[in-house]
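Accompanying notes for the structure given below.
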Amino acid sequence: MTASKDQPSSLDYPELVVAIAGPIGVDMDQITQSIKAAFDTLGYESSLIKLTTEIARYKITDEDSLAEIAKWSGPEDTYHVYMRKMSEANALRKQYGNPDILSRIAIDAIRADRKTGTGALDKVRAKHVYIIRQLKRPEEVTLLRKVYGKQFILASAYAPEQERKEQLCRRLRGELSTATTPAEIGFYAEQLIERDAAEDQEALGQQLSETFHLADVFIDGLSKAKMDDKLERFTAALFGRNDIAPSKDEYGMYAAKSASLRSSDLSRQVGAALFTDDGELITQGCNEVPKAHGGTYWDLELPDHRDIKKGSRSKRSAQERDSAGPRGATKKEELSEQRNTGNWK
């Protein structure tokens, strides 16, 4: 099938799906606009799939989940709104027993938009990009990659935690009562940041920390100029401009990622690469079980005492974690204790 002169070809200008993963405190509105603008320059039209809007179409029936959501209902300040949205997303995952349910909702929204634009649910829209705002679990990324293949792009936005906290505090100061102390405002901001990063107590909660590193492109989450520059380079390279080569930082991240493939750690595989100021590689490394007398274990060599071969972490490590005393309390628990006792620091 060929496209008419007035219609772009889906081979030359494929339908694309760009999802955003970013921590609370980054400028999500500007990130969305910068992605849209980057594809505008290529002649692409765009549609925004905002998951916090889409999930409102799905009724939550679990009583415990409804009670949790009710805790954050009423006030419309940033703290309560974000807490409520996170609880709503968790409730849907729990209700359907599926960690990637929000991606399924996004896929359904894309199909509905396709029908509006093309008249058919499964007819792709050439020269069109769907922007999904935003993903919080790795399973969501996995599903979208399976469905859309190379037409799926994950963009992760970053910003230092302290800068994000300051952004949240400024916003909260303008929204909360003047009787709210700076310490309380700081506590609210930290609660949002910690819950957004990882809800380890919730089996189907937020896990941004496990999602962020899966990105195809990493962009600054606060500076418009830096966002635009990175996205311009990325989209140009995506569409075949062969005069774009990796920067030192980009090549360094590639080297670190390749080093992580060497690890078979049971939790997370982390790589690192050390370079000179001129961009010359000095060494690479990853987290892996150390070998007696130096070095590490390699596949196809014996003996092999890696955790992956043993099937679990060492008994000593488990015992050390179980015996953690008061100093092993989480930052969230410490902050909650400070708030309850009035012992703010």
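Some observations on this one:
- In a DSSP loop and with at most 15 other Cβ atoms within 10 Å, the trypsin sites (Lys or Arg not before Pro) in the stretch 196-298 are Arg241, Arg268, Lys291.
- When the chain is described by a simple charge dipole with +1 on each Lys and Arg Cβ and -1 on each Asp and Glu Cβ, the residue from Met253, Leu214, Ala273 located farthest towards its positive end is Leu214.
- Rounded to the nearest 20 debye, dipole of the chain from Cβ charges on Lys, Arg, Asp, Glu: 600 debye
- Restriction of the trypsin sites (Lys or Arg not before Pro) in the stretch 80-157 to DSSP coil positions whose beta-carbon has at most 14 other beta-carbons within 10 angstrom yields Lys123.
- The chain: relative contact order in percent, alpha carbon pairs under 8 Å with at least 6 residues between: 20 percent
- Here the stretch 191-294 has an Rg and Dmax of 17.3, 50 Å, counting Cα atoms alone.
- Estimated from helices alone, the mean residue ellipticity of the chain at 222 nm is -14000 deg cm²/dmol (sum of -39500 (n - 2.57) over DSSP H runs with n ≥ 4, per residue).
- Qualifying GluC sites (Glu not before Pro) in the stretch 53-98, DSSP loop, other Cβ atoms within 10 Å at most 10: Glu76
- Charge dipole (debye, nearest 20) of the stretch 78-199; +1 at Cβ of Lys and Arg, -1 at Cβ of Asp and Glu: 760 debye
- Percent antiparallel among DSSP beta bridges (both partners in the chain, rounded to 5): 20 percent
- Backbone HN-Hα couplings from phi across the stretch 261-269 [Karplus 6.51/-1.76/1.60, Hz, Gly and Pro as x]: 5, 6, 8, 10, 4, 6, 9, 9, 9
- Relative contact order for the stretch 126-263: 29 percent, from Cα pairs under 8 Å spaced at least 6 residues apart, divided by residue count.
- Computed from point charges on the beta carbon alone (+1 for Lys and Arg, -1 for Asp and Glu), the dipole magnitude for the stretch 264-312 about its Cα centre is near 380 Debye.
- Across the options Thr116, Leu238, Thr283, the greatest Cα extent toward the positive end of the charge dipole of the chain (unit charges at beta carbon of Lys, Arg, Asp, Glu) belongs to Thr116.
- Which labelled figure in [x] 21.7; [y] 25.2; [z] 23.0 is Kirkwood radius over Cα pairs in Å, once derived from the coordinates: [z]
Since every read-out is calculated from the coordinates, none of them should be taken as a lab result. Worth saying up front: this structure is predicted, and the values here are computed from it rather than measured. Virtual Cβ from ideal backbone geometry, glycine too; neighbours counted across all protein chains shown.
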